[in-house]
Every structure is written in structure tokens, then in C-alpha cells.
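The structure appears right after this line, and notes come after that.
Readers should treat all values here as calculations from the given coordinates under stated rules, not as data from a laboratory. Bear in mind that the values here come from a model prediction, so they are computed numbers and not experimental data. We place every Cβ from the backbone using ideal geometry, glycine too, and count neighbours over all the protein chains shown.
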Amino acid sequence: MKRKEKRLIFVSGGARSGKSTFVENWAKKNGNNILFIATAERIDEEMDQRINDHINNRPKSWDTLEKPLNISESFSDNFKKYDTIILDCINLLSSNALLSLPKNSTQSDSDFAVMNQVDDILKIYKNHQATWLVVTNEVGLGLVPPYKLGRLFRDSLGRANQKIASVADEVIFMVSGIPLYLKK
């Protein structure tokens, strides 16, 4: 397969809307050497099983990097071999950043922590030739969360999603497994 020009493809939608399936199918069809970056943490037995199931359902030829924060710390010249990188997902990365803050953190603290993670990802993207498929949840369609941590998360993730969408080559919104192309 011929190496294609790199792109940043940003895929958003609600929980179980088909985001991960969409990006994995895109990678199977268009990628040669694929890296899957998982931001979920193995915090309990159920989550450990979920992560293992996801890994076992992906092609064996794909590499997986489990990194809940500061993804660039793991990147080196070895990662130049990948032509396709899936990052799943920005909402867990944002949650990890937010949960690393003190309990009395403000919206500014939350935004700063989350945007540092986004800037880290965008820096890696700019310095490598791979196409990136970045998954996130859309959290702006529901009610305002009734508790502070939920509001901090929703607002910071919304700002992060806007920043990534503004630089992405494609933005896709998934609804019931159907991709709606917002930017192409």
C-alpha cells in the first residue's frame, strides 16, 4: 500500500455511537503500520478485562501503547514507522488530566491541564508523518452536570474538542453508527 499524505481525522459522538468501530475500520482499509494509543487506565478488574478485550479484537499486527497522560513522553524515532495512529480517546485523556488535579481546582486549572494534553498531542502530530484518527465524546448535547467535577470536565473537554476540530483535516460526528461529515 502506498503511503498517503498525513491527515488529522477527528471523530466525535456520544457513547456507543460507533466512533471506535469507524476509526478501526478506516485504519484497516487505509493503513499499513498502525499504532493504537489507549488512554484508559486499568483501575479495576472490569476495566482491565475491557482493555484486554479491545486489544484481542484488534488485528494482531497493530501495536498498542497504553498511556493515560503525557503521550509525547513515549514517542521517539521508533514511532516514525507508523503510517496510521489511532488515539482513543480524548475524553479519557481529559478525565485523567482533571483527576490528577487537587479537589479545589478551578475551571482555569482544569482547562490548563486538559489543553496541555491536547497541545502535547498536536505537537506529536506535527512532527510525524502518520495520519491520526482521534476519538472523543461529544458532551455538549446533554444537561449541565449537577456537580462541580462534571461541569469542569464537560467545559474543558468541550474546549479541547473545539481546538482539535479547528486544526483537523476532517471532522466526523457519529450517530447510531452513521458518520456525518462536518468538515472534509
Which residues qualify? For Thr64, with a placed amide H closer than 5 Å and at least 5 residues away or on another chain, they are Phe36
Expected vector for segment 103-109, Karplus 3J(HN,Hα) from phi with 6.51, -1.76, 1.60 and θ = phi - 60°, integer Hz, x for Gly and Pro, equals 4, 8, 5, 9, 4, 4, 4
Between Leu133 and residues 5 or more places away or on another chain, the pairs with built amide H atoms under 5 Å apart involve Ile9, Ile85, Ile86, Leu87
Computed for segment 31-139: size of charge dipole around the Cα centre, +1 on C-beta of each Lys and Arg, -1 on C-beta of each Asp and Glu, debye to nearest 20, value 380 debye
Amide H contacts under 5 Å for Leu182, restricted to residues at least 5 apart in sequence or on another chain and with H modeled in the peptide plane, are Val171, Ile172, Phe173
Along the dipole axis of segment 8-183 (charges at Cβ: +1 for Lys and Arg, -1 for Asp and Glu; origin at the Cα centre), the most positive-end residue among Ile124, Val134, Ser166 is Ser166
Straight-line reach check, Lys126, cutoff 22 Å on alpha carbons, 8 or more apart in-chain or any other chain, hits among lysines -> Lys2, Lys4, Lys6, Lys67, Lys80, Lys81, Lys163, Lys183, Lys184
Note, segment 168-184: 3J(HN,Hα) by Karplus (6.51, -1.76, 1.60, θ = phi - 60°), whole Hz, Gly/Pro = x, goes 5, 6, 9, 10, 10, 10, 9, 9, 6, x, 10, x, 10, 7, 8, 8, 9
The summed charge of the Phe112 Cβ neighbourhood (under 14 Å; Lys/Arg +1, Asp/Glu -1) stands at -3
Sorting Ile34, Gly150, Leu99 by the position of each Cα along the dipole of the chain (Lys, Arg +1; Asp, Glu -1; all at Cβ), the one nearest the positive end of that ordering is Ile34
In whole Hz, the Karplus estimates of ³J(HN,Hα) for segment 67-75 (6.51, -1.76, 1.60; θ = phi - 60°; x where Gly or Pro) are 8, x, 8, 6, 4, 4, 4, 9, 8
With the label point 7 Å along the Cα-to-beta-carbon line of Ile178 and a cut-off under 14 Å to each amide N, the hits in segment 10-25 are 18
Along principal axes, largest first, the alpha-carbon spread of segment 8-183 in whole Å comes out as 45, 35, 34
Computed from the beta carbon distance with a Förster radius of 22 Å, FRET efficiency for Thr64 and Lys29 to the nearest 0.05 stands at 0.70
Treating only Lys and Arg (+1) and Asp and Glu (-1) as charged, each at its beta carbon, one finds that the chain has a dipole about its Cα centre, in Debye to the nearest 20, of 720 debye
Percent antiparallel among DSSP beta bridges confined to the chain, rounded to 5, stands at 20 percent
Of all GluC sites (Glu not before Pro) in segment 2-98, the ones in DSSP coil with at most 10 other Cβ atoms within 10 Å are Glu5
